[in-house]
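Some notes on the structure that comes next.
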């Protein structure tokens with residue numbers, strides 16, 4: 001399966017594969033017990049193997065203003081601007097999933 005990729009790409013895929021295996025074996029359950037995430041496994045019952053997994057985490061990844069603009073995301077005011085009574089905020093046209 002990996003033979004169609006060059007050596008550098010195969011090495012990167014295997015590294016990520018090893019990292020995912022370590023996460024599933026050593027970290028996923030412990031982090032779930034701490035309330036940091038919830039991991040769901042999708043099992044291929046015919047092959048008796050994990051086909052996929054998803055780990056949902058209650059956190060966020062901050063994006064720079066340029067990244068948000070590139071993705072067409074609305075700009076939200078920060079807390080200091082909300083608390084400033086002289087700040088005039090005009091909401092952007094937001095995608096339907098934000099309304």
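The values are calculated or read from the model by the stated rules, or taken from the named source; none is laboratory data. Small disclaimer: the values here were computed from a predicted structure and weren't measured. As a convention, Cβ positions derive from the backbone with ideal geometry for all residues, glycine included, and neighbour counts pool all protein chains shown.
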Seminar exercise, completed: Taking first residues from segment 5-20 that are under 24 Å from residue 41 (Cα atoms) and second residues anywhere that are surrounded by 10 or more Cβ atoms within 10 Å (Cβ to Cβ) and at pLDDT 85 or above, the pairs with Cβ under 9 Å that are 6 or more apart or on different chains are 20/53
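Every residue, every condition in (1) surrounded by 10 or more Cβ atoms within 10 Å (Cβ to Cβ); (2) within 30 Å of residue 21 (Cα to Cα); (3) modelled with pLDDT under 75, yes or no:
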{"position": "33", "(1), (2), (3)": "no, yes, no"}
{"position": "46", "(1), (2), (3)": "no, yes, no"}
{"position": "50", "(1), (2), (3)": "yes, yes, no"}
{"position": "54", "(1), (2), (3)": "yes, yes, no"}
{"position": "69", "(1), (2), (3)": "yes, no, no"}
{"position": "79", "(1), (2), (3)": "no, no, yes"}
{"position": "84", "(1), (2), (3)": "yes, no, yes"}
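Sort through 21, 27 and tell me the only one that's surrounded by 11 or more Cβ atoms within 10 Å (Cβ to Cβ) and at pLDDT 90 or above. Break it down stepwise before answering.
On the way: 21 fails: at pLDDT 90 or above.
Answer to the check: 27.
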Seminar exercise, completed: Selection from segment 57-67 of residues at pLDDT 80 or above and surrounded by 10 or more Cβ atoms within 10 Å (Cβ to Cβ) yields 57, 67
Exercise. Can we say residue 47 is within 30 Å of residue 3 (Cβ to Cβ) and touching a strand residue (DSSP E or B) at 6+ places or on another chain (Cβ under 8 Å)?
Worked result: no
